[in-house]
Amino acid sequence: MFSFRLAAKLGKTRKQLMNEIDSHELSEWMAFDQLSPLDSDYRNEIAVGKVANILYSANRDPDRGDVLGLSDFVPQWGAEYRESIEAQKMVEIDPEEAIAKVRAGFASMRS
């Protein structure tokens, strides 16, 4: 699957990519992807999901008891997304603290 993602990122078909690079270069790309993922869209969707989760948590009715997690706000496109979300769950986010930081950030931009 990696070769398909790399080809898409480089604007090539998989066949074009595989005709242009050898296995050594493909291995280097795979190592690079481990250090700096080519699919930054995963990160963007997780970041947007975190914001949506914080807004939901801050505004939900605590008496209803309907608690939603980060995975409820991020599209489920495959195993890589689920693994990314699981890694993000290890970091607990206090909605009140996050909102205070966002407000402080906006306040500093107005100054």
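Ala7 sits among other residues whose Cβ lies under 12 Å from its own Cβ, and their net charge, with Lys and Arg +1 and Asp and Glu -1, is +4. The slack between Arg64 and Glu25, meaning 0.36 nm per residue of separation minus the straight C-alpha distance, is 8.6 nm.
Every read-out reported here was derived from the displayed coordinates using simple, explicitly stated rules and does not represent laboratory data. Treat the numbers as computed from the prediction; the structure is a model and nothing was measured. Every residue, glycine as well, gets a Cβ built from its backbone with ideal geometry; the counts of neighbours run over all protein chains shown.
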